[in-house]
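Right, one structure below, let's go through it.
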Amino acid sequence: MQKIQNLINGELVAPQSGEYLENFNPATGEVYSFIPDSDERDVANAVKAAKDAFPLWSNMQKEKRSAILIRLSELIQKNLDKFALAESIDNGKPVWLAKSVDIPRAVSNLHFYATASLHTHTETHAMEATALNYTLNTPVGVAGCISPWNLPLYLFTWKIAPALAAGCTVVAKPSEITPMTAYLLSELCEEAGVPKGVLNIVHGLGTKTGMAIVSHPDVAAISFTGGTKTGEVIARTAAPMFKKLSLELGGKNPNIIFGDADFEKAVHTSVRSSFSNQGEICLCGSRIFIERSIYEKFKTAFVDEVKKLKVGDPLNDDSWIGAIVSKQHKEKILSYIKLAREEGGTILCGGEEINPGGKNAKGYFISPTVIEGLSFDCRTNQEEIFGPVVSIMPFDTEEEVLSYANSTQYGLAATLWTQNLSRAHRMSAKIQCGIIWVNCWLLRDLRTPFGGMKGSGVGREGGFEALKFFMEEKNVCIKF
Ligand code: NDP
């Protein structure tokens with residue numbers, strides 16, 4: 001069976017402990033590969049390699065760094081089918097989705113930051129005839145990048161691309177649950193011309209490997225995407241060491257449908273925004289608020305469409321929903337469906353585990369679930385479930401739905417469906433979220449600021465923001 005290796009100082013190496021963890025295929029429930037159970041010794045080696053490589057990489061001409069990152073993106077593109085299949089097997093997502101969204105986006109992330117780094121500018125502030133201030137931006141040093149399992153290569157590259165383009169060297173850890181595509185990427189680094197030690201990938205458990213990266217004194221910045229509770233632990237560890245910190249955390253996103261919405265589009269896109277990637281996207285709208293005048297009509301059309309979604313083998317092109325990423329996560333989602341029942345919710349469709357049979361008989365599948373009859377402030381509507389489960393609720397006024405939308409500890413994304421432009425502006429200004437989509441969902445321009453408020457995170461990724469995060473600003477004041 002395949003054994004994944006760490007990438008340290010340009011070499012693919014075994015963990016110091018010699019120990020490996022089991023890696024499951026969630027669609028079959030079987031172990032299909034092993035990943036290094038790395039510890040602080042592997043992280044220390046990776047950080048040393050990154051530190052040693054920093055002078056070379058940070059002083060390299062931007063154009064040369066850019067060309068290396070573009071080559072890496074092209075190599076991923078060349079291996080699109082291989083990467084998509086690996087992502088699907090590792091994560092449980094449909095292979096068509098990995099091929100059309102995840103891997104192309106990983107290619108774009110690298111390409112985007114490789115070229116963005118060529119278009120930066122710095123500030124100058126003239127003090128009339130007295131002095132001139134100008135700003136120098138220098139890479140912070142070794143950056144630690146930690147990413148989750150839901151969009152494995154997509155989010156892994158969303159971090160390492162700006163870090164590397166900014167001139168930092170990197171020690172990165174993908175989720176232990178979905179390590180495979182980061183490993184495939186590590187196999188391409190040499191061919192792309194990435195110098196030894198510039199990108200190091202250490203696999204292992206969050207609490208051991210991840211924590212060793214966060215607490216290492218020579219790692220100057222931590223870019224983390226994952227759960228809010230983990231974010232808290234990371235902040236508590238990194239803040240006293242004065243590390244730069246970017247946290248992209250959980251969400252409980254409202255999807256608000258007004259009576260004047262384009263009905264067909266609202267229904268169709270809401271199905272996608274609820275259940276794409278098994279509902280395992282931090283941007284999925286899990287709380288759907290529908291204006292009372294169209295509540296029954298919307299409910300009927302929405303549930304009808306959800307019932308048509310095919311759940312099954314992620315390797316089949318006609319499976320719209322694949323497997324839940326792990327047994328543990330499947331149990332968590334089912335426990336929330338049970339809680340919803342206890343809280344008085346009515347399950348309109350789904351609500352159960354599915355057995356597709358055959359080679360998927362032991363896989364982790366849950367039917368797309370729509371719940372109604374819950375209050376906005378119950379636990380089901382306040383806590384992140386991160387699965388194919390949504391709750392629908394009626395509302396009467398803008399003020400009312402605004403208070404529902406803003407009632408959670410989260411503030412990542414919101415979707416609004418209305419043809420009333422004034423209302424769209426009014427609501428967008430008042431919703432406490434970092435990202436608002438009006439009459440669309442997941443329409444992404446990589447130049448825009450991306451991130452959340454409140455318990456959904458600190459800082460913004462995307463565009464020049466991410467490049468700036470991996471740099472220190474220095475003001476130079478010259479007196480005439
Ligand atoms: P986790 O917080 O469990 O893990 C995220 C990453 O952090 C993994 O690589 C994990 O490793 C690692 N990790 C866990 N504990 C520690 C620790 N103490 N120190 C350092 N690293 C640690 O999140 P999930 O992987 O379960 O991902 C789902 C969450 O991510 C959801 O809450 C979702 O909303 C959020 N998310 C947010 C996004 C955003 O942009 N705001 C985008 C996508 C997801 P390991 O898995 O090996 O334990």
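The values are calculated or read from the model by the stated rules, or taken from the named source; none is laboratory data. From a predicted model like this one, the values you see are computed outputs, not experimental measurements. Glycine gets a Cβ as well: all are built from the backbone with ideal geometry, and neighbour counts include every protein chain shown. Protein only, heavy atoms only, side chains kept; ligands, DNA and RNA dropped before computing areas. Shrake-Rupley method; radii C 1.70, N 1.55, O 1.52, S 1.80 Å.
Here are the numbers:
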read-out	value
Peptides 288-296, 452-460 ordered by average Cβ neighbours within 10 Å, highest first	452-460, 288-296
Relative contact order computed over the chain (Cα-Cα under 8 Å; 6+ residues apart), in percent	19 percent
Span from the region 433-480 Cα centroid across to the region 182-225 one, whole angstrom	22 Å
Modelled FRET efficiency - R0 56 Å, residue 136 with residue 377, Cβ distances, 0.05 increments	0.70
Pairwise FRET efficiency - residue 338 versus residue 317, Cβ, R0 = 41 Å, nearest 0.05	0.80
Region 362-480, accessible area per residue, ligands and nucleic acids excluded (1.4 Å, Å²)	43 Å²
Residue pairs, from the table 229/338; 208/307; 252/299; 173/332, whose Cα atoms sit over 31 Å apart	208/307
With eigenvalues of the C-alpha gyration tensor scaled by 5 and rooted, the chain, Å	38, 29, 19
Accessible-area value, residue 81, 1.4 Å probe, nucleic acids and ligands omitted, Å²	90 Å²
Per-residue SASA entry for residue 225, accessible area with 1.4 Å probe, Å² rounded to 10	20 Å²
Cα pair distances exceeding 23 angstrom across region 253-446, given as percent	40 percent
Theoretical FRET efficiency, 1/(1+(r/R0)^6), r = Cβ-Cβ of residue 128 and residue 22, R0 45 Å, to 0.05	0.10
222 nm mean residue ellipticity, helices alone, for the chain (DSSP H n ≥ 4; -39,500 (n - 2.57); rounded to 500)	-11500 deg cm²/dmol
